[in-house]
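Just so it is clear, none of the values below were taken in a lab; they were calculated from the coordinates. All values reported here derive from a predicted model rather than from experimental measurement. Cβ atoms come from the backbone with ideal geometry, glycine included; neighbour counts cover every protein chain shown.
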Amino acid sequence: MTSAREVAWSEALDWVRRIHDPTFTDWEAHVAWLEADPRHAALFDEASLLIEQGTAHLAPRSSPQRIASHGSATNDNDNEEDRPRATRRRWRWGAGLGGAVAAGIVAAIALPALIGSHPQFYRIETAPGTTRAIMLADGSRIALNGDSSVQLDRADSRTATVERGEAFFSIVHDVAHPFALQAGGARFQDIGTAFDVIRSPQGTQVAVREGALMYDPGGAAVRLDRGEAITVGDAVSGSKAVIRRIDAEAVGLWQQGRLSYRQAPLAQVADDLSRCLGQPVTIDPELAHRQFTGVIILAADRALMLRRIAAVMNVSIRQDGARVRILPPAR
């Protein structure tokens, strides 16, 4: 009887084969498979490494034959220059490749599809008011808050770009291949880290919950340790990077239905609530410079939650159509 691990291993090999097919588009199903079982990411990584090691023995071949997807040779009668460059690569097995490994690889993958490390970007997004967690091939995890978007690279799971909204990263550290993050014009590099990123039109904010993170690794190389956060304005704004101390335990608490603040501007609270509630939250100009310290508990009962927020923040809250307005307390 086939064991569960054998089934999962076969699936991992099949995913490696499929995602290197230039016509592959079913990334949603691939991510769902990775998330279905914590062991899947490790098996996928193991299968990818096996394929990489096996194909290291391959060399270009100039024969007028090409390897078809089912493994048999076919005559190459079409004009080679008329085909995309990626489809014109041909390979032969090296003499030093072990027979058992070779057999396994031949059964698992079409060789021409393995070549090519150019970026293959794709996007993961969430709707307002919804969250989502994804597992990368190396075991790293990304949690997206509402109305957020990250760009990933199918050819390199050790890179990501936060395009908008908020994302929490739990990164598996790899000294040989550090995780690289970009948000707006700001660049970061992992030093074994769990951190939260907020990307808004005003700039980028990154807060470190565990480990350390390097800001601007190719330039200033500023290290951010646990309990530190950095705010970086957009290049057009001319704002400089500002580092401050924070409560590390409060970083990423939105994943647990809580928002914790210490002397935070109400505008920041409104932005956070907008992502979590799935509707715009605005602040009355009279409260623009007011700060808030406390914890907001997110709840399914929207009306009850808004009453609690109004009480803890000492404000009035009004539901105005699709918008929530935070106003001065009623007199």
Estimated translational D of segment 121-250 in µm²/s (Stokes, Kirkwood radius over Cα pairs; 4 °C; 1.567 mPa s): 89
Alpha-carbon gyration tensor eigenvalues x 5, square-rooted, for segment 219-314, Å: 27, 17, 12
Beta bridges per DSSP with both ends in segment 157-198, % antiparallel, nearest 5: 75
Mean Cα-pair separation over length for segment 121-250, i.e. relative contact order, pairs under 8 Å, 6 or more apart, %: 15
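Considering Cα pairs under 8 angstrom that are at least six residues apart, work out the relative contact order of segment 257-327 and quote it in whole percent.
Working: 95 pairs, mean separation 26.3, N = 71.
Normalised by residue count, the contact order of segment 257-327 is 37 percent.
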Given charges at Cβ of Lys, Arg, Asp, Glu: segment 257-327 dipole, positive-most of 303, 266, 283: 303
Descending principal axes extents, segment 169-231, alpha-carbon based, whole Å: 33, 23, 16
